[in-house]
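See structure below.
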Amino acid sequence: MSESNDDQVTEKILNVAKKNPKGISDKDIAAAIPGLSSAELVTAINKLLQQGLFDIYNQGGSLIYRLKSQASKQAVKGADNEEKVVYNLIEEAGNKGIWIRDIRIRSNLANTQLTKVLKSLESKKVIKAVKCVNASKKKVYMLYNLEPDRSISGGAWYQDQDFESEFVEILNRQCLRFLQQRADKIKNNPRGPIVGRTQSYATAAEVQKYITDLGISKVKLEVEDVITILNTLVYDGKAESSVYPDGSKVYRSIESLITPPGLVQVPCGVCPLIHKCCSTGLITPQECKYMSEWLEQ
Amino acid sequence: MSHQLGRIVSQILHRYFGEIVQNVGYDLFIYGSKSINMIVKTTGLPRTRIVDSLRTLLKFDLATFESTDVFVNYKLLPENILLLIRYPRYLLQMKSKYGSEAEMLVEELLQQASCSATVLIVTVMNKYKDDKEKNINMINLKDTFISLVTAGYIQQAPVAELNEGSEAPILVPVETKVPELDLRDLMQAMANNLADVKDNTYWKVNYDRFHLDFRDDLMIKAITRRIDENAGELMRLLLEQMYLTMAPWAAESCPVPAVELRESARRLADRPLLQQHVDQYLRVIEESGGEFVRRCGDAGGGQYAVCARRAAERLLEALLDHCVTERLGSKAHRIFRLIRSKKYIEEEDIQKNAMLPNKECKELTYKLLEEHFISVQPMRKAASAGGTAKAIYLYHVKIHEVAHTVREMCYRALHNVISVGAHMRQSHARLLDKQRRVRSIVHGMRVRGEPQDNIDDVLETLTPPELAAVSAAEAKLRTLAAAEIELDRALFILTCYFAYPR
Ligand code: SF4
């Protein structure tokens, strides 16, 4: 059997495969290239597999060959077997990513080798490592061009896996402003306090619309996201939440039950040294700067 | 009994009664209960002075005694000593509720600790009879006295009874009866010597009655802040109804039927909205009123109970919230409230819910921990395979403990404020004294109608820099006094909370 004959066969198989992007079986090949011996077929297929042009699947008992997409073929060009295995695992995981431990278990590669493979793939910009937001140490790998899933990236609150606290802060304030605008409706409402309270409530959807209209957010905020923010207001003690009969959550801005108490009006109440301040010694009320500054006002 | 309490108590005693009483009081505070001989030993003061001090303390209800077979042991009442700084508030309350006659009466009674009605009224009368502005008369004073007794602000003092075979008397509380005061007797007493008056019923101020007023005020204000004035008014009505049936400090009142509330709301002519919507207001208070009120039945158009204990808790929480915010910032406050609302929570969940960056959140959590606002409860998982069981740390808020922490802080702050005040008074003593003297001289000259030139001469003995220094010091002292009262208000919220047993 000559080299050229071999090449012809592979060429033909490739052509068939190109026409059938869903994959081809042994039978399809046999039908397309009549007179091909099974031995020849096996060598050709093996060769193609070796070159990494084909993926091989098991479908209903028979083997299916499928041509790899151009990009991925390119990506692993010149890669060795280990890289391919790892690559495939990572590709499979999609935009959820895959944890290094899982790769190791499933690929059966030794730790050091695996790290090397991952490094090389990373340097080729084929894959990337993404930090999980809910487990800071955990890194997952995914294909370079993929957008990480919400559960990994943390959604709207994260930029490059960093928590955007300022953004949250601004939203928090804006939400509060919105709620405060209608908070007074409950006071002396001529139609009674229940109507008044209803008027002072805002549903999460309303708040979401307000925030979207403000245009302060580049990313699209879902109602869920806004609820998270509104909940921080509840924890801040600046709003209370309730549930409408139809199950939607509503929020109302409230004030603290008491005015700032005396303790926080005197410097000692906020003084970091209060537990070290004694009648004698270095820190005494008579010598205290905070006190004298406060009294100077 | 904490060290801080001891500091503040001894300082207050010093301010009002001087050094010896302070020493005796502090000695009692430290040892709990003690006999005179023991006090002599530890303080090294002459016995007569100690007896005098004890007499003062007993007179103002700042200490008690109990007799064993051999000794009489004395015991300090620190809570009552703290009340001394609340006096201005009592007076203010009287003035705004019953007018200045009541204020004068209560002021005099507080100073005397206890005295008979005749003596009280006559003394007040004598004191102010030359004061044209006040323009008081006997009839008014007498009526005010009677209405104060009726309202419970003044009560009969306990009488001392001697048991047989024992030398120490015991104080027996007596039920207060509204007295009949005869105007003619009063007039006569005024004309004659007070010492001859035969009036053996003694009276004293009932602090608790004032405290109820303060508590109600807090609750009404809170509801007003949450909802509106009408709701606050309704809260007042609810509390009024509560007093009719229950012990005032009960944790929860008897159910009050809505019908009665509607009835009493009808009498409030200036609140048309409330009259119209009593039921709605009740519902809103119940649902959005910080759990002050609970609906507990449907009979008679709904029945509502006032949960005074829960209210005290809510108010305390509001106080703690303010403290945390001011001390550690609003983000720490968010974490604090988050932990409180979730009861027990893991560190990771705190971050997720509070929407704070990892690092900052941790830092604040540990700060809260350090200042004893939250506590942590490690939980070992049942030893899992490999013995690598990691403990989970659950954060939570022990309200009672935090309240203690904050109370200590209040004591400290109060102590500091008072001592700064004392220090300032001392260092400006000469100037303040001089100013006082100049004032009294000028007053005397004005009364005698001396020429303005002479008055100016006297006034000029205070040089401008001196004047400036004095007025600056006075302004500072005023700030400090105001701070004292405010701190006492904070303490009051804390005491309210501790008044209900857990
Ligand atoms: S006196 Fe000064 S140092 Fe002492 S607790 Fe107060 S503010 Fe702090």
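The values are calculated or read from the model by the stated rules, or taken from the named source; none is laboratory data. Values in this document were obtained by computation on a predicted structure and should not be read as measured data. When we count neighbours, we look across all protein chains shown, and the Cβ atoms used for this are built from the backbone with ideal geometry, even at glycine. Remember, those area values only see protein heavy atoms, side chains included, never the ligands or the DNA or RNA. Shrake-Rupley method; radii C 1.70, N 1.55, O 1.52, S 1.80 Å.
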Would you check if there is a residue in the stretch B:220-232 being charged (D, E, K, R), over 20 Å from B:Arg309 (Cβ atoms) and open to solvent by less than 30 Å² (accessible area, probe 1.4 Å)?
yes
Is there a residue in the stretch A:199-221 that is under 21 Å from B:Met355 (Cα atoms), under 20 Å from the mean Cα position of the chain (by Cα) and open to solvent by less than 20 Å² (accessible area, probe 1.4 Å)?
yes
Whichever residue in the stretch A:200-224 is within 14 Å of another protein chain (Cβ to nearest Cβ) and outside any helix (DSSP H, G or I) and, among such residues, is modelled with the highest pLDDT:
A:Tyr201
Identify, from the list B:Glu363, B:Glu326, B:Glu346, the residue that is surrounded by fewer than 20 Cβ atoms within 10 Å (Cβ to Cβ), facing chain A (nearest Cβ under 7 Å) and over 14 Å from A:Val234 (Cα atoms).
B:Glu326
A:Thr212, sole failed condition from (1) within 14 Å of the ligand (Cβ to nearest atom); (2) in the same structural domain as A:Glu164 (by TED's automatic domain parsing)
(1)
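Taking only the stretch A:184-199 into account, find how many residues are within 10 Å of chain B (Cβ to nearest Cβ) and in a helix (DSSP H, G or I).
7
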Of all the residues that make up the stretch A:245-297, how many are within 13 Å of the ligand (Cβ to nearest atom), at the interface with chain B (Cβ under 8 Å from one of its Cβ atoms), under 30 Å from B:Lys221 (Cβ atoms) and part of a loop (DSSP other than H, G, I, E, B)?
1
Pair list, Cβ < 6 Å and 6+ apart or interchain, from the stretch A:248-265 residues that are touching a residue at least 24 places away in the same chain (Cβ under 8 Å) to residues that are open to solvent by less than 10 Å² (accessible area, probe 1.4 Å) and part of a strand (DSSP E or B)
A:Tyr251/A:Ala202; A:Tyr251/A:Ala239; A:Ser253/A:Ala239
Please determine whether any residue of the stretch B:234-241 is farther than 19 Å from B:Asp217 by Cβ and exposed (fewer than 15 other Cβ atoms within 10 Å of the Cβ).
no
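Working only within the stretch B:61-78, note down all residues that are outside any loop (DSSP other than H, G, I, E, B), among the hydrophobic types (A, V, I, L, M, F, W, C) and modelled with pLDDT of 85 or more.
Answer for the stretch B:61-78, where residues must be outside any loop (DSSP other than H, G, I, E, B), among the hydrophobic types (A, V, I, L, M, F, W, C) and modelled with pLDDT of 85 or more: B:Ala63, B:Leu76.
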Within the stretch B:6-36, residues open to solvent by 10 Å² or more (accessible area, probe 1.4 Å) and within 14 Å of chain A (Cβ to nearest Cβ) come out as B:Arg7, B:Ser10, B:Gln11, B:His14, B:Gln22, B:Tyr26
Condition check: more than 10 Å from chain A (Cβ to nearest Cβ), open to solvent by 10 Å² or more (accessible area, probe 1.4 Å) and within 31 Å of the chain's Cα centre (by Cα). Does B:Ser341 satisfy that?
no
Kindly indicate which of B:Leu356, B:Leu414 is facing another protein chain (nearest Cβ under 10 Å) and part of a loop (DSSP other than H, G, I, E, B).
B:Leu356
How many residues are open to solvent by less than 70 Å² (accessible area, probe 1.4 Å) and acidic (Asp, Glu) when one looks only at the stretch A:95-131?
1
Long-range neighbours under 6 Å by Cβ, at least six apart or interchain, first residue open to solvent by less than 100 Å² (accessible area, probe 1.4 Å) within the stretch A:282-294, second assigned to a helix (DSSP H, G or I) and more than 8 Å from the ligand (Cβ to nearest atom):
A:Pro285/B:Ser419; A:Gln286/B:His423
Qualifying residue in the stretch B:369-384 (condition: more than 30 Å from the chain's Cα centre (by Cα) and hydroxyl-bearing (Ser, Thr, Tyr)):
yes
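To keep it simple, each residue is scored yes or no on (1) at pLDDT 90 or above; (2) of a type in the set (Val, Ile, Thr); (3) touching a strand residue (DSSP E or B) at 6+ places or on another chain (Cβ under 9 Å); (4) under 18 Å from A:Pro267 (Cα atoms).
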{"residue": "B:Leu414", "(1), (2), (3), (4)": "yes, no, no, yes"}
{"residue": "B:Lys434", "(1), (2), (3), (4)": "no, no, no, no"}
{"residue": "B:His443", "(1), (2), (3), (4)": "no, no, no, no"}
{"residue": "B:Arg446", "(1), (2), (3), (4)": "no, no, no, no"}
{"residue": "B:Thr461", "(1), (2), (3), (4)": "no, yes, no, no"}
{"residue": "B:Val470", "(1), (2), (3), (4)": "no, yes, no, no"}
{"residue": "B:Leu494", "(1), (2), (3), (4)": "yes, no, no, no"}
I'd like to check something: does the stretch B:226-236 contain any residue that is out of contact with any Cys (no Cβ under 8 Å at 6 or more places or on another chain) and either more than 14 Å from chain A (Cβ to nearest Cβ) or modelled with pLDDT under 80 (or both)?
yes
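Out of B:Glu484, B:Glu401, B:Glu474, which single residue is within 30 Å of A:Thr259 (Cβ to Cβ), surrounded by fewer than 16 Cβ atoms within 10 Å (Cβ to Cβ), among the charged types (D, E, K, R) and within 14 Å of chain A (Cβ to nearest Cβ)?
Values: B:Glu484 fails: surrounded by fewer than 16 Cβ atoms within 10 Å (Cβ to Cβ); B:Glu401 fails: within 14 Å of chain A (Cβ to nearest Cβ).
After applying the criteria, what remains is B:Glu474.
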Among (1) away from the ligand (no atom under 16 Å from the Cβ); (2) among the hydrophobic types (A, V, I, L, M, F, W, C); (3) open to solvent by 20 Å² or more (accessible area, probe 1.4 Å), where does B:Ala422 come up short?
(1)
Would you be able to say whether some residue in the stretch A:225-232 is of a type in the set (A, V, I, L, M), within 10 Å of another protein chain (Cβ to nearest Cβ) and within 16 Å of the ligand (Cβ to nearest atom)?
no
Which one is most open to solvent (accessible area, probe 1.4 Å), of the residues in the stretch B:269-302 that are within 10 Å of chain A (Cβ to nearest Cβ) and of a type in the set (Asp, Glu)?
B:Glu287
